[in-house]
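To keep things clear, I will list the structure first and then write my remarks on it.
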Amino acid sequence: MSSAATPDVASAAARLRALLGDRLHEPGEPGFDTATRLWNAAVDSQPALVAHCLDADEVAAAVRVAARCHLPVSVRSGGHDWAGRALRDGGLVLDLTGLHAVRVDPDSCTVTVAGGASAADLLAAAAPYDLVVPTGVVRDVGMAGLTLAGGYGPLCGRFGLALDNLLGAEVVLADGRRVTADPRHDAELYWALRGGGGNVGVVTELRYRAHRLPAVLAGMIMFALAEAPAVLRGYAALLADAPDELTVMAGFLPGPAGEPVVSCARSTAARTWTPAARGWTGCGRWAPRWSTRSTRCRTRTRCACSTAEWSTVTTTCCVPAGCQRSPTARWTRWSTPPGRSPRRSPRWPCTTSTARPPGSGSATRRSACAPSTC
């Protein structure tokens, strides 16, 4: 948003001061440096004015002032854009950090966020309902900027990019009009917001499709730079057969001492239920919560197992009939004789068996049922 005419900064400052009071920041005033501080400290652009808006009406009014006074406009949400496009030399910055409200509708599985809401704002509001929306990997990133740029993050393998989950948006156009963009209203603008282009307006609200997900298993592993060829080949081989629930992001980062390292950040967005809810027999009310993992049933549905199975902890697991477990699976039975280790086999058929009631709270007795063929 810019104009070829000479910017009238003084007139714009007077009009915006009448509208915003001390929420208009000019160079040299308290609050200006904070309002123009970005994640990428190398960005040194110097805007003429920063308008700290609190609602969409103020955004629209500020846009009209900028158009009348021929000021170029930029928009700051989270301030994490690596290129620093939140700041425009000699222009007006619309600071949306005051618009951070989040509304969650658990019945329709939708989440609506204001234009300045961060990933942390969204996730904190959705967590009590076991709902998630795909976000980035940094909590302070603004959802508007993230989404309009695509929105790649730890849940994209299962739920897609953030923009894939964008159901609609409220937008202030260059002339100050407020419009709704979704499949039924201004479909071309909706298309543009979801990857069709940029500089189409100021997004003051976004509505997302949310997904039920009680837990995510995530972590990062760093390798020495010399190991990069082997690590990246293994990374490619892993992803070739990985389930959608597993997202792995690999790249080069500075290590603990500043040395270059290869990093692999992994997240598993696993479904969780009680086995009884899936109609599996013998699990009873003592059953832990189960998660789908990388093994598949012969019927091409997911097998279910406890997350502890993939750690060094030996545990048991409820599984549907007809599944095949991976060679790394470890099982214990209720009837394992004292002193004997659990049996292991490259391929065990998975069947359900009736559970014995838990005993005095030992680790194995907390599990509810085990494959009958272990």
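P(r) tail, the range 217-268: Cα-Cα pairs separated by more than 13 Å, 57% of all pairs.
Give the calculated FRET efficiency between residue 44 and residue 5 to the nearest 0.05, with a Förster radius of 41 Å applied to their Cβ-Cβ distance. Before the final figure, lay out the partial values.
Details: r = 26 Å, r/R0 = 0.63.
Computed FRET efficiency for residue 44 and residue 5 comes out at 0.95.
3J(HN,Hα) along the range 169-177: 8, 9, 10, 9, 7, 5, 8, x, 6 Hz, from the Karplus curve 6.51 cos²θ - 1.76 cosθ + 1.60 with θ = phi - 60°, whole Hz, x for Gly and Pro.
Please compute the alpha carbon radius of gyration of the range 9-95, then divide it by the globular-protein estimate 2.2 N^0.38 Å. Two decimals is fine.
Values: Rg = 11.8 Å, N = 87, 2.2 N^0.38 = 12.0 Å.
For the range 9-95, the normalised Cα radius of gyration is 0.99.
On a full-extension model of 0.36 nm per residue, what is the gain between residue 140 and residue 55, subtracting their alpha-carbon distance, rounded to one decimal in nm? Let's see the in-between values first.
Details: separation 85, 0.36 × 85 = 30.60 nm, distance 2.01 nm.
Answer, rounded to one decimal: 28.6 nm.
How big is the shadow of the Cα convex hull of the range 19-154, averaged over all directions, in nm²? Write down the numbers at each step before the final one.
Numbers: hull surface 35.7 nm².
For the range 19-154, averaging the hull's shadow over all directions gives 8.9 nm².
Spin-label model, residue 175/residue 109: points 7 Å from Cα along the beta carbon direction are separated by 4.0 nm.
Taking the number of Cβ atoms within 10 Å of each Cβ as an exposure proxy, the fewest-first ranking of 239, 213 is 239, 213. Once the mean of 1/r is taken over each pair of separate Cα atoms and inverted, the range 171-245 shows a Kirkwood hydrodynamic radius of 16.9 Å. Packing here is the average count of other Cβ atoms within 10 Å per residue, and on that basis the peptides 255-265, 51-61, 70-80, highest first, run 70-80, 51-61, 255-265.
Sort 164, 81 so that the residue with the fewest other Cβ atoms within 10 Å of its own Cβ comes first and the one with the most comes last.
164, 81
Just so you know, all these numbers are worked out from the coordinates, no wet-lab data involved. Since this is a predicted model, take the numbers as computed values, not measurements. Please note: Cβ atoms are built from the backbone with ideal geometry, for glycine as well, and neighbour counts cover all protein chains shown.
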